[in-house]
Amino acid sequence: MNKNSKDRLIRILIGYVGLYPTLLIVLTLLKPVTQGLSLPVVVLIETIILVPLTQLVSFPLAGWVIERLSRKK
């Protein structure tokens, strides 16, 4: 596997590791607030919260964790 393909796979892994727990937590916390709203409004509210949270916190943290784990090998 060449370096470019490996880097892409690592970015995808970082996306999964960063997005899944963040999405799960946000959806769980917002459920009481968004329960009676229409789907487009729920998606808008969740997107407004999730995009900055994932870009500024979750993805960098996931990248750091994966980097630390790959160094130990």
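The values are calculated or read from the model by the stated rules, or taken from the named source; none is laboratory data. Here the structure is a predicted model, which is why all the values come from computation and not from measurement. Glycine gets a Cβ as well: all are built from the backbone with ideal geometry, and neighbour counts include every protein chain shown. When the accessible area is computed, the model is the full protein with side chains, heavy atoms only, and any ligands, DNA or RNA have been set aside. Shrake-Rupley method; radii C 1.70, N 1.55, O 1.52, S 1.80 Å.
With respect to being assigned to a helix (DSSP H, G or I), among the acidic types (Asp, Glu) and open to solvent by 80 Å² or more (accessible area, probe 1.4 Å), residue 46 falls outside the description. Scanning region 30-43 for residues that are outside any loop (DSSP other than H, G, I, E, B), open to solvent by less than 100 Å² (accessible area, probe 1.4 Å) and of a type in the set (A, V, I, L, M, F, W, C) turns up 30, 41, 42, 43. Figure legend. Inter-residue proximity from region 54-72: first residues open to solvent by 80 Å² or more (accessible area, probe 1.4 Å), second residues of a type in the set (Gly, Ala, Ser), beta-carbon distance below 7 Å, spacing 6+ or different chains. Indicated pairs: 61/18.
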